[in-house]
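Reading through the structure tokens given below for one structure.
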Amino acid sequence: MACIFCEIIAGRMPAHRVYEDEFCLAFMDIMPISSGHVLVIPREHAANIWELSQQASAALLPAAQKIATALQKSGLPCEGINLFMANNAVAGQSVFHAHLHIVPRVQGDGFGLRFPPGYGQTASNAALQELAQRIRAAQ
Ligand code: AMP
Ligand code: ZN
């Protein structure tokens, strides 16, 4: 089945575009979390962060930064912004072409992250050291 975001890039599916450059494209999310919710996607098809080329990856954040600045200047309600990327279904990904969500936030908007039960304990130094070591060793 065709990738809907590749279809948008190709111009075969409609989208309300807000930004384009050599490596990325940004458009309005069709089911916005808040008014002004934008998606930034790489032009190359990459399903997730692991498949993204370094070049596309390096282009996404500057594009997001431009859109974040535009959102602040636009006069839309935007007291803050969350950047969010879901990778794999378990993390909430539903469209398998990598994308960064840019979500304008206002006080009391009802959106947020839900923390797991028991969250709020500072981890021990020993545990953090062991985890950091494993991640360093895997690079
Ligand atoms: P995620 O669940 O992180 O994979 O996010 C996918 C996002 O794509 C959702 O917020 C959808 O509302 C959005 N979306 C799906 N189809 C379209 C479309 N055709 N145009 C714009 N946004 C879309
Ligand atoms: Zn795609």
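The values are calculated or read from the model by the stated rules, or taken from the named source; none is laboratory data. Because the structure is predicted, anything quoted here is derived from the model rather than measured. Cβ: placed from backbone, ideal geometry, glycine included. Neighbour counts: every protein chain shown. To get the accessible areas, we keep the full protein, side chains included, count just its heavy atoms, and leave off ligands, DNA and RNA. Shrake-Rupley method; radii C 1.70, N 1.55, O 1.52, S 1.80 Å.
Here is how the numbers come out for the structure above:
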read-out: Most to least packed among 124-131, 2-9 [average Cβ atoms within 10 Å]; value: 2-9, 124-131
read-out: Probe 1.4 Å, protein heavy atoms only - accessible area per residue of the range 4-113 in square angstrom; value: 58 Å²
read-out: Cα-based helix-to-principal-axis angle, 54-73 vs the chain, degrees rounded to 10; value: 70 degrees
read-out: Mean-position separation - Cα centroids, the range 121-139 and the range 30-90, in angstrom; value: 29 Å
read-out: Total charge dipole magnitude, the chain, about the Cα centre, Cβ charges on Lys, Arg, Asp, Glu only, Debye to nearest 20; value: 180 debye
read-out: Full-extension gain in nm, Arg136 to Ala2, via 0.36 nm per residue minus C-alpha separation; value: 44.5 nm
read-out: Carbon + sulfur, % of accessible area of the chain - ligands and nucleic acids excluded, 1.4 Å; value: 57 percent
read-out: Residue (of Ala137, Cys6, Ile41) at the positive-pole extreme of the chain, dipole from beta-carbon charges; value: Ala137
read-out: Rounded FRET efficiency, nearest 0.05, which uses the C-beta distance separating Gln121 from Ala89 and R0 of 25 Å; value: 0.30
read-out: Rel. contact order, % - alpha carbon contacts under 8 angstrom, at least six apart, the chain; value: 23 percent
read-out: In degrees, nearest ten, helix 125-137 long axis to first principal axis of the chain (Cα); value: 50 degrees
